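Student: Below you will find the structure I want to go over with you.
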Amino acid sequence: MLQDSEVSRVLVVTAHPDDVDFGAAGTVAGWVDAGISVTYCVITDGDAGGFDPTVPRTEIPGIRRAEQVAAAAAVGVHDVRFLGYRDGELTVTHGLRRDLSRVIREVRPDRMLIQSPERNWDRIAASHPDHMAAGDAAIQAVYPDARNPFAHPSLLDDEGLDAWSVREVWVMSHPRLEHYVDVTDAFDRKLAALRAHESQTAHLEDLEGFVRGWATQTAARAGLGEGRLAEGFYVATMPA
């Protein structure tokens, strides 16, 4: 596993606005504190989300983009990119793999954080079909697409984007968590990021209790001390 001191840039790929904040905002805040440059790439605009029926559906994409930008700022991230795919309809296509490969070659991350392409039967809500498709497309973009100069030739020929090899991939909501990050000191920023997603979280009576309970359980599985909070991941080292 790479030490944070060996990482200059991280790229986070998620299906929807708010996915990274539920799964990893505390960890991201720690990376930013360590001087790592973090970029978010959100594949859809979350246009199938929201709980207020009085809000016109045509306004939802703009609302959710703005919420994600605000949430990112709460943990120190200021580079947020949206691909504009339709929420609820995400599949792994050649076009999506190309679009993610483009972002990888632009950002040139040492580490990526993605969603799990594997269904988590213990946390089925984390295994939204869009999440799984986003994770599958992202890992295919990491290996073999972005590192292969002959894959998606238009990226090099027309856009001048050279091949790039990601060194390490972290997976959130994976069925087999093996690495835990203590996010106790960053919990307030994680909560602020989640509260920025008002269209998704304002209706929850006890957002803090829900998130704190989840993080407390994760910390217990990690063997951390009482009162600690954690986020968990599966970490994979990519071929050289």
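Every number in this text was worked out from the coordinates using simple rules, so none of it is lab data. Here the structure is a predicted model, which is why all the values come from computation and not from measurement. Cβ sites come from the backbone with ideal geometry, for glycine too, and all protein chains shown count toward neighbours.
Student: Would you calculate a helix-derived [θ] at 222 nm for the chain, using -39,500 (n - 2.57) for each DSSP H run of n ≥ 4 and dividing by the full residue count, to the nearest 500?
Tutor: Calculated mean residue ellipticity at 222 nm is -11500 deg cm²/dmol.
Student: Also, quick follow-up: State the antiparallel share, in %, of DSSP beta bridges confined to the chain, rounding to the nearest 5.
Tutor: Antiparallel bridges: around 30 percent, rounded to the nearest 5.
Student: Please rank Glu205, Glu168, Glu118, Glu89, fewest neighbouring Cβ atoms within 10 Å first, as an exposure proxy.
Tutor: Ordered from fewest to most neighbouring Cβ atoms within 10 Å, Glu205, Glu168, Glu118, Glu89 come out as Glu205, Glu89, Glu118, Glu168.
Student: What are the ³J(HN,Hα) values, in whole Hz, obtained from phi via the Karplus relation 6.51 cos²θ - 1.76 cosθ + 1.60 with θ = phi - 60°, for each residue of the stretch 167-174 in sequence order, with x given for Gly and Pro?
Tutor: These are the phi-based 3J(HN,Hα) values: 8, 8, 10, 9, 10, 9, 6, 6 Hz.
Student: So how much slack lies between His78 and Ala66, counting 0.36 nm per residue of separation and subtracting their Cα-Cα distance, in nm?
Tutor: 3.1 nm
Student: Something else about it: By counting other Cβ atoms within 10 Å of each Cβ, how are Met238, Met112, Met172 ranked from fewest to most?
Tutor: So the residues, fewest neighbours to most, are Met238, Met172, Met112.
Student: Another question, if that's okay. From the Cα gyration tensor of the chain, with a ≥ b ≥ c the square roots of its eigenvalues, which class applies: rounded if a/c is under 1.5, or else prolate if a/b is larger than b/c, or else oblate?
Tutor: oblate
Student: So, R0 is 45 Å and r is the distance between the beta-carbons of Arg108 and Glu208; what FRET efficiency does that work out to, to 0.05?
Tutor: With R0 = 45 Å, the Cβ-Cβ based efficiency is 0.80.
Student: Quick check: net charge around Tyr85, other residues with Cβ under 15 Å of its Cβ, Lys/Arg +1 and Asp/Glu -1?
Tutor: With Lys, Arg at +1 and Asp, Glu at -1, the net is -1.
Student: Here's a follow-up. So for the chain, averaging the separation of alpha carbon pairs under 8 Å that are six or more residues apart and normalising by length, what relative contact order in percent results?
Tutor: Reported as a whole number, the value is 25 percent.
Student: Does the stretch 71-139 classify as rounded, prolate or oblate by the C-alpha gyration tensor (a ≥ b ≥ c root eigenvalues; a/c under 1.5 gives rounded; else a/b over b/c gives prolate, otherwise oblate)?
Tutor: oblate
Student: In a Gaussian network model over the chain where Cα atoms closer than 10 Å are linked, find which of Asp21, Asp182, Asp122 has the largest mean-square fluctuation.
Tutor: Between Asp21, Asp182, Asp122, it is Asp122 that shows the largest mean-square fluctuation.
Student: Among Leu100, Leu177, Leu113, which one shows the highest mean-square fluctuation when the chain is modelled as a Gaussian network with alpha-carbon springs under 10 Å?
Tutor: In this elastic network of the chain, the residue with the biggest mean-square fluctuation among Leu100, Leu177, Leu113 is Leu177.
Student: Still on this structure: What is the sum of charges, Lys and Arg at +1 and Asp and Glu at -1, for the other residues whose Cβ falls under 11 Å from the Cβ of Ala74?
Tutor: Within the 11 Å Cβ shell, the charges total 0.
Student: From the square roots a ≥ b ≥ c of the eigenvalues of the alpha-carbon gyration tensor of the stretch 22-135, which class results: rounded (a/c under 1.5), prolate (a/b over b/c), or oblate?
Tutor: Note, shape of the stretch 22-135 comes out rounded.
Student: Could you tell me which helices of the chain pass both thresholds, a Cα extent of 18 Å or more along their own axis and a mean Kyte-Doolittle hydropathy of at least 0.0, with helices taken as whole DSSP H runs?
Tutor: Both cut-offs are met by 19-33, 60-74.
Student: With the chain treated as a Gaussian network of Cα nodes joined by springs under 10 Å, which of Val103, Val55, Val42 yields the largest mean-square fluctuation?
Tutor: Val55
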